[in-house]
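Chemist: Sharing a structure here in structure tokens format.
The values are calculated or read from the model by the stated rules, or taken from the named source; none is laboratory data. Values in this document were obtained by computation on a predicted structure and should not be read as measured data. Reconstructed Cβ throughout: ideal geometry from the backbone, glycine too, with neighbour counts over all protein chains shown. Areas reflect the complete protein model, heavy atoms only, side chains present, ligands, DNA and RNA absent. Shrake-Rupley method; radii C 1.70, N 1.55, O 1.52, S 1.80 Å.
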Amino acid sequence: MRRRPTSAPGSTAAPAASLRPDEVARRKAAGEPWTLRFKVRPGATVFDDLLRGPVEVANETIGDFIVQRSDGTITYNLAVVVDDVTMAITHVIRGDDHLSNTPRQVLIYEALGAPLPQFLHMPLLFGTDRKKLSKRHGATNLEQLTAMGFLVEVVRNYLCFLSTEFDESMITWTLADLVEHVDVENLGTSSSIFDPEKLRWMNGRFIRALAPAELAARMKVYLERVGFYGQPPAVRLLAAQGDAALAESVELGELVAMPPGDEQERLTALMTPFVQEKMEVLADFVRLAGWLFTPLALDDEARERLAAIPEAQRILAEAAVSLAGLERYEIEQIESAVRALPELLGVKPKSVFAALRLGMSGQSVTPGLFESLWALGRNEAAGRLAAAAGLR
């Protein structure tokens with residue numbers, strides 16, 4: 001190690017490395033600021049990288065580097081080595097933007113007489129614009145992604161497959177599968193592209209592969225976390241604005257986690273199988289079926305759509321009467337009653353389906369119509385349709 005007084009800007013003083021010891025002592029005694037540098041030996045520094053093999057760096061390109069600043073603080077390269085030695089770290093796995101730090105750290109390990117850990121420098125993640133991943137690319141951490149409705153297993157698997165050959169069977173791999181089949185030493189060294197659309201596609205595939213009961217259990221945990229059970233209207237509004245808006249509100253603590261009531265828990269379990277095939281992220285449940293958890297509310301857009309459907313009021317009024325009068329209120333009987341309406345009223349089936357979707361939910365995209373009417377229950381379904389029929 002060598003202490004070097006720090007020359008003032010514009011100073012013509014001799015470089016500190018060429019100063020005699022007595023001159024260094026004099027300037028320190030005079031109160032001049034100084035730094036502590038690591039004196040790099042001549043030659044080259046060589047280390048093995050698990051992805052790249054032997055890496056050799058000419059020491060003349062490193063130069064004597066600072067390990068203690070003039071304010072007394074320790075620099076990263078010394079601090080991280082001392083920490084890793086103290087913690088008995090055996091493997092250092094990090095981004096390849098740290099590759100230039102490694103020769104300096106190897107020299108410090110050698111000076112301390114400590115064994116070198118194994119190094120592995122992973123390729124960096126870039127956005128689809130080929131720029132380093134940052135907040136401008138959207139969610140970039142696990143908390144944000146899971147608040148948006150991505151499953152932990154999918155995010156983990158996606159990241160594992162970015163730098164290796166991939167086939168669709170790997171989407172649902174377990175942690176044990178990854179341990180058995182993935183070898184980090186066989187990963188590529190080229191930078192990887194983080195593609196949210198591909199992650200979303202993988203997430204949808206994973207969701208559809210889950211057993212309905214397992215997905216329902218996960219839905220309950222997710223809806224509780226994002227505050228849906230306590231504030232269904234607010235969470236529905238945020239979900240309609242997009243997954244990022246919902247995740248941001250969760251991150252800011254604007255939505256308070258709350259367990260479901262008995263009816264909310266029943267509806268969650270009941271509706272999950274009916275939306276499973278349409279979901280890509282868990283937040284899709286809120287967009288598709290969140291209306292079941294709130295009273296009927298038709299905004300201006302829904303009213304305009306309803307008004308544009310021929311004979312919408314007659315369709316809604318007749319459907320309300322038909323459903324209320326069913327002997328057995330089951331999906332099969334509901335379907336029969338609804339499919340009889342076009343001929344009964346002299347309207348197109350498309351008009352019937354569109355009017356009933358809007359009349360029961362206030363939106364055009366829902367889970368299956370018959371299943372949704374069944375889930376609402378006879379009185380609630382008939383009541384919503386009758387209320388919508390009375391709107392002008």
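Chemist: Run down the lysines and flag those whose C-alpha is under 19 Å from the C-alpha of residue 131, throwing out any fewer than 8 positions away in its chain.
Modeler: Partners found: 198.
Chemist: Moving on to the next point. Enumerate by residue number the GluC sites (Glu not before Pro) in the range 145-176 meeting two conditions: DSSP loop (anything except H, G, I, E, B), and at most 10 other Cβ atoms within 10 Å of the site's Cβ.
Modeler: Counting only loop positions with at most 10 other Cβ atoms within 10 Å, the GluC sites (Glu not before Pro) in the range 145-176 are 165.
Chemist: Heavy-atom accessible area per residue, the range 116-221, 1.4 Å probe: how many Å²?
Modeler: 54
Chemist: Turning to a different aspect of this structure: Cα convex hull of the range 160-230: mean projected area in nm², to one decimal?
Modeler: If you wrap the Cα atoms of the range 160-230 in a convex hull and average its projections, you get 6.3 nm².
Chemist: Next up: Given a Förster distance of 41 angstrom, what is the FRET efficiency for residue 100 paired with residue 300, based on the Cβ-Cβ distance and rounded to 0.05?
Modeler: Calculated value: 0.10.
Chemist: Normalised by the number of residues in the chain, what is the relative contact order in percent for Cα pairs under 8 Å and 6+ residues apart? Mind showing how you got there, number by number?
Modeler: Values: 510 pairs, mean separation 42.9, N = 392.
Relative contact order here is 11 percent.
Chemist: Moving on. Within the range 296-368, list the GluC sites (Glu not before Pro) lying in a DSSP loop whose Cβ has at most 13 other Cβ atoms in a 10 Å radius.
Modeler: Sparse-neighbourhood loop GluC sites (Glu not before Pro): 327, 330.
Chemist: Thinking of the range 273-336 as a set of Cα atoms, what percent of all their pairs are more than 20 Å apart?
Modeler: 54
Chemist: Let me ask another. What angle do you read, to the nearest 10 degrees and between 0 and 90, between the alpha-carbon axis of helix 262-275 and the longest principal axis of the chain?
Modeler: On a 0 to 90 degree scale, this one is about 90.
Chemist: Where the accessible area of the chain is counted over protein heavy atoms with a 1.4 Å probe, how much of it, in %, is carbon and sulfur? Before the final figure, lay out each step's value.
Modeler: Numbers: 11110 of 20440 Å².
After summing per-atom areas, the C and S share lands at 54 percent.
Chemist: Report the full-extension gain for the segment residue 201 to residue 258: residue separation times 0.36 nm, less the Cα-Cα distance, to one decimal in nm.
Modeler: 17.6 nm
Chemist: Taking the DSSP beta bridges in the chain as the whole, what percent of them are antiparallel, to the nearest 5?
Modeler: Around 65 percent of the beta bridges assigned by DSSP in the chain are antiparallel ones.
Chemist: Applying 1/(1 + (r/R0)^6) with R0 = 45 Å to the Cβ-Cβ distance of residue 387 and residue 168, what FRET efficiency is obtained, to the nearest 0.05?
Modeler: With R0 = 45 Å, the Cβ-Cβ based efficiency is 0.45.
Chemist: Now for a separate question. Against the longest principal axis of the chain, how steep is helix 152-161, in degrees 0 to 90 to the nearest 10, with axes from Cα atoms?
Modeler: That works out to roughly 50 degrees.
Chemist: Heavy-atom accessible area per residue, the range 291-371, 1.4 Å probe: how many Å²?
Modeler: Numbers: 4170 Å² over 81 residues.
Heavy-atom accessible area per residue stands at 51 Å².
Chemist: Just report the Cα centroid separation between the range 303-366 and the range 149-195, whole Å.
Modeler: Each part reduced to its Cα centre gives a spacing of 46 Å.
Chemist: Calculate, for residue 30 and residue 152, the FRET efficiency according to 1/(1 + (r/R0)^6) with r their C-beta to C-beta distance and R0 51 Å; round to the nearest 0.05.
Modeler: E between residue 30 and residue 152, to the nearest 0.05, is 0.30.
Chemist: Can you work out the accessible area per residue across the range 65-114, with the rest of the protein chains kept in place, probe 1.4 Å, in square angstrom? Show your work: numbers first, answer last.
Modeler: On the way: 2550 Å² over 50 residues.
The answer is 51 Å² per residue.
Chemist: Related question: Quickly work out the residue 41-to-residue 86 label distance, labels modelled 7 Å from Cα along the C-beta direction, and quote it in nm with one decimal.
Modeler: Modelled inter-label distance: 2.6 nm.
Chemist: Please give me, ordered by residue number, the GluC sites (Glu not before Pro) of the range 175-257 that lie in loop per DSSP and have at most 14 other Cβ atoms within 10 Å. Don't jump to the answer; show the numbers that get you there.
Modeler: Numbers: sites: 180, 185, 197, 214, 224, 248, 251, 254; in loops: 254.
Within the range 175-257, the qualifying GluC sites (Glu not before Pro) (loop, at most 14 other Cβ atoms within 10 Å) are 254.
Chemist: I've got another one for you. Taking only DSSP H segments of four or more residues, each worth -39500 (n - 2.57), what value at 222 nm results for the chain once the sum is divided by all its residues, to the nearest 500 deg cm²/dmol?
Modeler: Computed mean residue ellipticity for the chain: -14500 deg cm²/dmol.
Chemist: With a point put 7 Å past each Cα toward its Cβ, work out how far residue 344 is from residue 56 in nm, to one decimal.
Modeler: Reported label-point gap for residue 344 and residue 56 is 8.8 nm.
Chemist: Compute from the Cα atoms of the range 340-385 the Rg and the Dmax, the latter being the longest Cα-Cα distance, and quote both in angstrom.
Modeler: 10.6, 28
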